1. Please report the accessible area of A:R49 (heavy atoms, 1.4 Å probe, ligands and nucleic acids excluded) in Å², nearest 10.
2. Could you report the accessible area of B:K63 in Å², rounded to 10, computed with a 1.4 Å probe on the protein chains as they sit in the structure?
3. Using a 1.4 Å probe on the protein chains only, how many percent of the accessible area of the stretch A:1-64 belongs to carbon and sulfur?
4. For chain B, set up a Gaussian network in which alpha carbons nearer than 10 Å are linked by springs, and say which option among B:T149, B:T104, B:T159 fluctuates the most.
5. If one takes the accessible area of chain A alone plus chain B alone and subtracts that of the pair, with a 1.4 Å probe, what total in Å², rounded to the nearest 100, results?
6. What Kirkwood radius, in Å to one decimal, follows from the Cα pairs of chain B?
7. Compactness ratio of the stretch A:1-50: Cα Rg over 2.2 N^0.38 Å, N = residue count?
8. Find how much the distance from B:Q110 to B:A3 grows on full extension, using 0.36 nm per residue of separation minus their present alpha carbon separation; answer in nm with one decimal.
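The values are calculated or read from the model by the stated rules, or taken from the named source; none is laboratory data. Model, not experiment: these values are computed from the prediction. Reconstructed Cβ throughout: ideal geometry from the backbone, glycine too, with neighbour counts over all protein chains shown. Please note that ligands, DNA and RNA were not included when accessible areas were found on the heavy atoms of the full protein model with its side chains. Shrake-Rupley method; radii C 1.70, N 1.55, O 1.52, S 1.80 Å.
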Amino acid sequence: MILSCKETTRLLSQGEDRGLAFGERVALRVHLAICKGCRNMSAQFKFLRLAMKNLARDVDQERSN
Amino acid sequence: MAADFRSQIESLRPYLVRYAALQLRDAATAEDAVQEALLAALAGEANFAGRSNLRTWLTGILKHKIVDAIRRQSRERPASDLESENGAEGFDDLFDRRGHWEETPDAWEQPEGALGQKQFLAALEACLRALPERTARVFMMREHLGMDTPEICKELGITPTHCWVLLHRARMALRLCLSDNWFAK
């Protein structure tokens, strides 16, 4: 399976929400190995999740201040 | 003892209101959800019994009340409002006809450093507010309330595929928004 960048972003997003099938994971790995833009994208999706956790924690701090 | 419990609960109200408002995007609806949660908490004081952190316990109760409010909100949404979000994915112009990047996404510089900054979190909140309502609702249920896709689908009566489309759209929009408004500086 050869992925376009557009399909790659779709699978990267779904990877945050469901377990990807073996074939999907392999296809992603192959694409990411050769595509800097999608690697950046992948890091940014992961960062978003972390940032959302911090948003909740920031809510915490405002309470105790 | 009961009065003490009540005042402890009250002191957590501002946190709970902000927590609810992030998801519900409406101050009055958020206040109502918190009020319902606090009443349920007072009625259920015996169930708390110091088992866990009070805030964690209250947040757990509040999540249920928020989901009730979401259910009401999504029932009240007229279908025409939804259609504008159901069409094209909204970021087709990022890709050429073969699905490759028109403009390759750049890496963000030192994103971890941004996490502790109040201004960054404010920028993130502004980007969240800029999302279309239904897209934001699903994304916040996933990332703020921490629900999984099957739970979200069940509550909103949508298919997993639709759910994934909305989550993908939210992430693409947020990444563009943060690139433009934070990391480009």
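1. Around 60 Å² of this residue is reachable by solvent.
2. Accessible area, nearest 10 Å²: 70 Å².
3. Numbers: 1810 of 3160 Å².
About 57 percent, which is the carbon plus sulfur part of the accessible surface.
4. Ranking B:T149, B:T104, B:T159 by mean-square fluctuation puts B:T104 first.
5. Working: alone 5150 and 11330 Å², together 12990 Å².
Buried surface at the A/B interface: approximately 3500 Å².
6. Values: mean 1/r = 0.0538 Å⁻¹.
Result for chain B, one decimal place: 18.6 Å.
7. Numbers: Rg = 10.1 Å, N = 50, 2.2 N^0.38 = 9.7 Å.
It is 1.04.
8. Result: 33.8 nm gained on full extension.
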